[in-house]
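Student: Please read through the structure below; I'll follow up with questions.
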Amino acid sequence: MSDLNSEKQPLIQIRGLYKLFGKNSKKVMERVHKGESKDQILVDTAHTLGLRDINIEVNAGEIFVIMGLSGSGKSTLIRHFNRLIDPTEGEILVEGADITEFSPKQLESFRQQKMSMVFQRFGLMPHRTVIDNVAYGLTVQGVNKKERLEKAQEWLNTVGLSGYEQQYPAQLSGGQQQRVGLARALCTDAEILLMDEAFSALDPLIRSEMQDQLIELQSKLQKTIVFITHDLDEALRLGDRIAILKDGELVQQGAPEEILLNPATDYVEAFVKDVNRARALTVETVMKPPECRITAETIGEALKQMRKSSEEYGYYINDDGYQGIILQETLEEAVETGSNNNISTVVVETVPAIQADSLLEAVIPDTLDTDFPLPVIDDDGQLQGLLSRSSLAEVLSDSSTATSH
Ligand SMILES: Nc1ncnc2c1ncn2[C@@H]1O[C@H](COP(=O)(O)OP(=O)(O)O)[C@@H](O)[C@H]1O
Ligand SMILES: [Mg+2]
């Protein structure tokens, strides 16, 4: 697995996965392949089609969200990842190895070391203390007591629960219990976290805090997280990519902005219609390429650069990044009078730069205050693009992209 291609290979690949629940699933699969509907199959054969022809790839280090309404097959799908459920058909590859072919022994060590799961109802052991719950995975792995308690303590500190080591789960609030669940999953150092509606049982405020905490942890840990939710806002907030399930079928997968801006079906469109785009989209997804970059060191050169562009203004960039805008008119005056060739004297510094990763919501006031498209910069101050009032208005007002063409 150390060949050059392995870098690009997705960590997890699900290929042609079908799950049919029922006694005679192999036989009934013929109907599935003929394209009969889930409902028809249920009525005729009392078999439930859990998943139909699922193909997904999860990359190392990403949060991959699986979203869908209750009964759409989310839990069935995620349980295939660690083979709590066996597929009726299809392949599940992790680092290129088909885990459906693992021996019981291989499977055991795979579950202990590669993946850990966080459950909706926390799944803590009520008669063990918080710290023993967190250390449990290490106990199973046979790690000695001193080491496992040290590690468990570290993870408890990380999730903000130091001081609660000797409490029992029932003494903690729901949010705290789920932090224990998270610490327990992280404690084994498993590379892959499976989270099945892990935040769905929590009150909205606590839930939002847990989302923040997960995002923060993930920026440090870079785990591969498969996160299940029925909540679109949660999916958009957490997901690097999102897969949407309906009645056991994958209806769309893509980055959050792709799903918001180009819903693949009426079903997805109905889902995304009410999303507050200003809160869900970043500047990056709406910005346009910069029209005119002025990099000249003299006014004469700057005017030459400006005349190549159709706009009457440009964005002045020096070694320190974006500095301000320059008007063509000002340059022409300066060249005419010939009195001044110092470019810094003609830079208008009142047009603020905005960050590419800001939410649209955060930049609306700046957009309204300024007559020029706002320069969008990256972390190094380099000009990435422009955000105009009109493109912002367009994306915020157009709530039904799929029907508008
Ligand atoms: N063990 C099972 N036996 C029969 N049907 C099942 C079983 N588990 C799930 N199902 C069915 O599979 C479908 C998907 O369920 P599930 O994966 O639990 O959905 P979700 O997690 O999205 O709510 C549902 O129709 C459900 O009734
Ligand atoms: Mg479920």
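Student: Residues of the range 163-183 with backbone nitrogen within less than 13 Å of a virtual label 7 Å along the Cα-to-Cβ line of ASP231, please, listed as ranges.
Tutor: 175
Student: Based on the Cβ-Cβ distance from TYR267 to ASP369, what FRET efficiency comes out when R0 is 45 Å, to the nearest 0.05?
Tutor: 0.70
Student: At 7 Å along the Cα-to-beta-carbon direction for both THR345 and SER310, put a label point, then send me their distance in nm to one decimal.
Tutor: Modelled inter-label distance: 3.4 nm.
Student: Full extension from ALA393 to GLU291: what is 0.36 nm times the residue separation minus their Cα-Cα distance, to one decimal in nm?
Tutor: Result for the pair: 34.8 nm of gain on full extension.
Student: Hey, another quick one. Quick one: net charge around TYR136, please, counting Lys, Arg +1 and Asp, Glu -1 for every other residue with C-beta under 11 Å from its C-beta.
Tutor: Computed value for this residue: +2.
Student: Placing +1 on the Cβ of each Lys and Arg and -1 on the Cβ of each Asp and Glu in the chain, which of ALA190, MET67, GLN141 has its Cα farthest towards the positive end of the resulting dipole?
Tutor: Of the candidates, GLN141 comes out farthest on the positive side.
Student: Quick check on the chain: of the DSSP beta bridges with both residues there, what percent are antiparallel, nearest 5%?
Tutor: 60 percent
Student: Taking the alpha-carbon distance from LYS273 and a cut-off under 20 Å, which lysines remain once sequence neighbours fewer than 8 residues away in the same chain are dropped?
Tutor: By straight Cα distance, LYS273 reaches LYS246.
Student: Between SER109 and GLN9, with labels modelled 7 Å along Cα→Cβ, what's the label distance in nm to one decimal, could you check?
Tutor: Using points 7 Å along Cα→Cβ, the separation is 1.8 nm.
Student: Near LEU42, within a Cβ-to-Cβ distance under 12 Å, what is the net charge of the other residues, with Lys and Arg +1 and Asp and Glu -1?
Tutor: Residues close to LEU42 contribute a combined charge of -2.
Student: Across 10 Å bins from 0, what is the distribution of all Cα-Cα pair distances for the range 260-384, in whole percents?
Tutor: Taking every Cα pair in the range 260-384, the percentages come to 12, 36, 26, 15, 8, 3, 0.
Student: Let me ask another. Could you sort ASP366, ASP233, ASP86 by their accessible area in this structure, using a 1.4 Å probe and putting the largest first?
Tutor: Putting ASP366, ASP233, ASP86 in descending order of accessible area: ASP233, ASP86, ASP366.
Student: Right, next: Using a basic spin-label model with each label point 7 Å from the Cα along Cα→Cβ, how many nm lie between GLU209 and LYS27?
Tutor: Inter-label distance under the simple model: 5.5 nm.
Student: Among 109-120, 351-362, 241-252, how do they line up by average Cβ neighbours within 10 Å per residue, starting with the highest?
Tutor: Going by the mean number of other Cβ atoms within 10 Å, highest first, we get 241-252, 109-120, 351-362.
Student: Report the full-extension gain for the segment GLU329 to GLN171: residue separation times 0.36 nm, less the Cα-Cα distance, to one decimal in nm.
Tutor: 49.8 nm
Student: Let me ask something else about it. Between GLY174, LEU217, ALA235, whose Cα lies farthest towards the positive end of the dipole of the range 172-238 when Lys and Arg beta carbons carry +1 and Asp and Glu beta carbons carry -1, centred on the Cα centre?
Tutor: With unit charges placed on the Cβ atoms, the residue in question is LEU217.
Student: Given a 1.4 angstrom probe, I'd like the percentage of the accessible area of the range 287-375 that is carbon and sulfur, rounded to a whole number.
Tutor: That share works out to 45 percent.
Student: Would you kindly calculate the mean projected area, averaged across all directions, of the convex hull enclosing the Cα atoms of the chain, in square nanometres?
Tutor: Quarter of the Cα hull surface area: 26.6 nm².
Student: Give me the percent of DSSP beta bridges within the range 285-396 that run antiparallel, rounded to the nearest 5.
Tutor: 75 percent
The values are calculated or read from the model by the stated rules, or taken from the named source; none is laboratory data. In this text, all values refer to a predicted model and were calculated from it rather than measured experimentally. Note that each Cβ is placed from the backbone with ideal geometry, even for glycine, and that neighbours are counted across all protein chains shown. Heads up: the accessible areas ignore ligands, DNA and RNA and are worked out on the full protein's heavy atoms, side chains in. Shrake-Rupley method; radii C 1.70, N 1.55, O 1.52, S 1.80 Å.
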